[in-house]
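Everything below concerns the one structure shown next.
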Amino acid sequence: MTPSNVDAGVLRTLHRIHRQLGDLQGRLNRLPKQIRAVEAYVAHQEELLKTATQQSKAVRVASDAKQVQLKGGEGKVVELGAKLNTSASNREYQALKDQIAAQQMTNSVLEDEILESLDKIEASRQTVAEAEAALATARKKSATVHSEAESQTPVIEADVARLQAELRECEARLPAEAREPYNRVIRHHGDDALAAVQNQFCGGCNQHVPLNVVAEIMLKKPKFCKSCGRMLYMPEDAENEE
Ligand SMILES: [Zn+2]
């Protein structure tokens, strides 16, 4: 190999390193997103529990108010009953009887409502218990995501550092004349800057690569896809057929 030759093995390795770095960077970028998502989930469950607790309290307060109301109504019936015994006229007696009947009807409706509210209280307690359990699950999940992110981050970062060192070493093996176009294509395409030529087609954009270009790549010249600009190389199997 003369110094200006672009070795296919070097390009293959560069492509592999860039893809691995891109993958690792993607994983690093996803970790904070996963943390934000699980924290939002916990906050949502906290909100649901808060609402359930407030509703449960409101149901109890309403039920207590009806109990007080019923007690008052029962007192009223007793009071009216006492007046009944001392009524001066038939008319007054009948009027009191009617009032007692009306109050008893009101009390009966209240009793039904109180029974219903006891069911509501039980149901709202159930809802609160479920919301508490859901929140506990969400917090547990959050702790897992946090600890996984904490343990994975240094591992991924170490892999990134190792690959970057490998990348620099590999880039140093590119001939001087290929450096500048290589750097340009990396700036433009990032970790997707190289492409293997598969049966005269660019592996990056699937456009046709003319035979004369393929021939030049075989001769280890730095070549780029006319369509997408990616730096082209021959895959291992094609090279072995030479
Ligand atoms: Zn292409």
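The values are calculated or read from the model by the stated rules, or taken from the named source; none is laboratory data. Keep in mind that what you see is a predicted model, and the values were worked out from it rather than measured. Please note: Cβ atoms are built from the backbone with ideal geometry, for glycine as well, and neighbour counts cover all protein chains shown.
Quick one: which residue in Ala129, Ala143, Ala161 is modelled with pLDDT of 95 or more, out of contact with any helix residue (DSSP H, G or I) (no Cβ under 8 Å at 6 or more places or on another chain), closer than 30 Å to Ala8 by Cβ and part of a helix (DSSP H, G or I)?
Details: Ala129 fails: closer than 30 Å to Ala8 by Cβ; Ala143 fails: closer than 30 Å to Ala8 by Cβ.
When all the criteria are applied, what remains is Ala161.
Would you pick out the residues in the stretch 164-209 that are within 15 Å of the ligand (Cβ to nearest atom), farther than 16 Å from His15 by Cβ and either in the same structural domain as Pro32 (by TED's automatic domain parsing) or in contact (Cβ under 8 Å) with a residue 12 or more places away in the chain (or both)?
Hits for the stretch 164-209 are Gln200, Gln207.
Among the residues of the stretch 216-230, how many are within 45 Å of the chain's Cα centre (by Cα), more than 10 Å from the ligand (Cβ to nearest atom) and not charged (D, E, K, R)?
1
Taking Val213 as the residue in question, decide whether it is over 38 Å from the mean Cα position of the chain (by Cα), within 15 Å of the ligand (Cβ to nearest atom), assigned to a helix (DSSP H, G or I) and buried (at least 18 other Cβ atoms within 10 Å of the Cβ). Explain how you work it out, then say what you get.
Values: over 38 Å from the mean Cα position of the chain (by Cα): yes; within 15 Å of the ligand (Cβ to nearest atom): yes; assigned to a helix (DSSP H, G or I): yes; buried (at least 18 other Cβ atoms within 10 Å of the Cβ): yes.
Criteria met by Val213.
For Ala88, state whether it is outside any helix (DSSP H, G or I) and either without any contact (Cβ under 8 Å) to a residue 40 or more places away in the chain or over 30 Å from Thr153 (Cα atoms) (or both).
For Ala88, the condition - outside any helix (DSSP H, G or I) and either without any contact (Cβ under 8 Å) to a residue 40 or more places away in the chain or over 30 Å from Thr153 (Cα atoms) (or both) - is met.
Report whether or not Ala149 is assigned to a helix (DSSP H, G or I), within 19 Å of the chain's Cα centre (by Cα) and of a type in the set (A, V, I, L, M, F, W, C).
Answer is yes for this residue.
How do the pairs read when you match residues in the stretch 211-232 that are of a type in the set (Gly, Ala, Ser) with residues anywhere that are assigned to a loop (DSSP other than H, G, I, E, B), using Cβ under 6 Å and keeping only pairs 6 or more apart or on different chains?
These pairs meet every condition: Ser227/Cys205; Ser227/Gln207.
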